[in-house]
Amino acid sequence: MSSADFPTPAAVSAVPPKYLNTSALLLMALASGLCAGGNYFNQPLLHSIALSLDVSETTAALTVTMAQVSYALGLVLLVPLGDKLERRGLAVTLMLLAATGQFISGYSVSITMLSIGIIMAGLFSVAAQIMVPMAATLSDPGRSGRAVGLVMSGLLIGILTARSLAGLLSELGGWTTVYRVAGVIMLLVALALWRLLPPSRNPAQVSYLQVLRSMTTLIGRYPRLRSRSLMGALTFASVSVLFSTMALLLSGPNHGLSDASIGLVGLVGIAGALMASVAGRLADKGFGVTTSIACLLLLLLAWVCFWLGSTSLMWFLVGMLVIDLALQGLHITNQSVVLQLEPQARSRLNAVYMTSYFIGAASGSALGSLAWRLGGWHAICIVGVVLTLLAGSVFLYDRKLARAELKAI
């Protein structure tokens with residue numbers, strides 16, 4: 001199945017959509033940030049969760065993996081419904097279900113109950129990935145890039161600030177506070193979205209199985225989709241090894257930080273949002289290869305900083321800055337390659353890439369928990385370096401594919 005099996009812009013209904021205003025876009029950005037950020041609340045709270053629910057820190061760290069696996073499943077199984085169902089209703093319904101998961105987490109009395117809440121919130125938080133294409137579809141065609149950028153900024157800021165907010169709220173009312181507060185805010189935002197957004201539906205009724213089959217076809221058709229998706233998965237796995245275990249180091253005897261302090265450490269990563277913009281402009285100017293190489297080297301440098309950061313908070317903070325810059329730079333350059341493979345299939349190409357990306361995140365979290373149990377922080381650093389070197393090997397293979405494509409033209 002090719003992109004020809006799906007409706008082109010010319011096939012869209014002649015009735016023009018109601019264009020979104022800035023208020024609606026800001027609300028969608030807030031909603032996307034809440035949904036995506038909710039999957040990261042537990043990362044600075046692992047020590048407190050372990051103590052409260054009477055489980056080991058390794059068991060508590062597995063909830064990070066659960067959040068990422070459930071999000072990846074949502075990308076595969078739920079996001080394609082945006083081509084079949086009415087999008088406003090779908091996004092609001094998913095957000096309400098995600099809020100329910102946050103409430104379950106916020107009132108958990110056992111690790112099993114917390115796991116159910118985290119899995120539910122992660123699975124349905126893909127509402128954010130429904131709203132990003134909605135922003136492009138329902139905006140003035142001349143300003144669709146601005147609309148998508150605004151919503152994506154909200155999503156990124158939500159991810160970057162989630163850990164800090166979780167840590168600060170934990171200091172005020174315990175580790176469950178952030179889940180309860182997030183659940184209430186998500187309910188209110190979902191209701192506001194229902195009132196403010198216009199209906200949006202794909203004019204051509206594409207079956208659910210058609211969409212899933214076409215994604216498989218794209219994977220087989222484009223070798224660079226496979227290579228860049230694998231590269232993204234490995235780099236995010238390397239970073240997730242850190243994110244899933246950093247609270248265990250920072251709350252331990254070498255640093256002794258509180259949940260609030262651990263959360264504030266995550267604010268250093270906001271600089272990664274700046275790198276996303278810079279990397280996008282560099283890719284547009286033809287410097288994508290140079291950017292990828294520089295970011296892979298930065299990723300290795302970050303792990304050197306984290307090795308030294310086992311006893312030095314200063315080196316740990318430097319590592320946080322460098323690793324977020326590297327991750328965002330690699331992510332944007334990967335997407336710039338993937339989305340140019342077949343412009344008519346960008347949503348599905350992005351779904352393939354993002355699914356691989358979060359499978360990598362879940363795998364990295366699981367490896368981080370294992371490495372912490374077997375060898376502590378230095379084992380974590382070794383795993384991070386190995387994953388980065390594997391990503392570099394895939395990058396070299398991707399360069400061969402790119403050169404082969406140029407020769408074939």
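Things to note:
- Test: residue in the stretch 256-269 that is within 24 Å of residue 390 (Cβ to Cβ), open to solvent by less than 10 Å² (accessible area, probe 1.4 Å) and either part of a helix (DSSP H, G or I) or at pLDDT 90 or above (or both): yes
- Verdict on residue 303 being open to solvent by 60 Å² or more (accessible area, probe 1.4 Å), in contact (Cβ under 8 Å) with a residue 60 or more places away in the chain and either outside any helix (DSSP H, G or I) or among the aromatic types (Phe, Trp, Tyr) (or both): no
- Taken over the stretch 361-396, the criterion of being crowded, with 23+ Cβ neighbours inside 10 Å and at pLDDT below 90 is satisfied by 361, 362, 365, 369.
- Note on the stretch 39-61: residues that are small (Gly, Ala, Ser) and either open to solvent by less than 10 Å² (accessible area, probe 1.4 Å) or free of Cβ contacts under 8 Å to residues at least 40 places away in the same chain (or both) total 4.
- Residue within the stretch 211-222 that is modelled with pLDDT under 95, part of a helix (DSSP H, G or I) and aromatic (Phe, Trp, Tyr) present: no
- Sole residue being over 24 Å from the mean Cα position of the chain (by Cα), in a helix (DSSP H, G or I) and touching a residue at least 40 places away in the same chain (Cβ under 8 Å), chosen from 348, 373: 373
- The criterion of being closer than 30 Å to residue 308 by Cα, open to solvent by 20 Å² or more (accessible area, probe 1.4 Å), at pLDDT below 80 and in a helix (DSSP H, G or I) does not hold for residue 234.
- Taking first residues from the stretch 169-188 that are closer than 14 Å to residue 125 by Cβ and touching a residue at least 24 places away in the same chain (Cβ under 8 Å) and partners that are among the aromatic types (Phe, Trp, Tyr) and in a helix (DSSP H, G or I), the Cβ contacts under 6 Å between residues at least 6 apart in sequence or on separate chains come to 183/103.
- So residue 89, is it modelled with pLDDT under 85 and open to solvent by 10 Å² or more (accessible area, probe 1.4 Å): no
- Selection of first residues in the stretch 118-139 that are at pLDDT 85 or above and of second residues that are open to solvent by less than 10 Å² (accessible area, probe 1.4 Å) and not in a helix (DSSP H, G or I), restricted to Cβ pairs under 9 Å at least 6 apart or on distinct chains, gives the following pairs, ordered by first then second residue: 118/42.
The values are calculated or read from the model by the stated rules, or taken from the named source; none is laboratory data. Owing to the predicted nature of the structure, the values given are computational and were not obtained by experimental measurement. In this analysis, Cβ positions are derived from the backbone assuming ideal geometry, glycine residues included, and neighbour counts consider all displayed protein chains. In case anyone asks, the SASA skips ligands and DNA or RNA and just uses the protein heavy atoms, side chains included. Shrake-Rupley method; radii C 1.70, N 1.55, O 1.52, S 1.80 Å.
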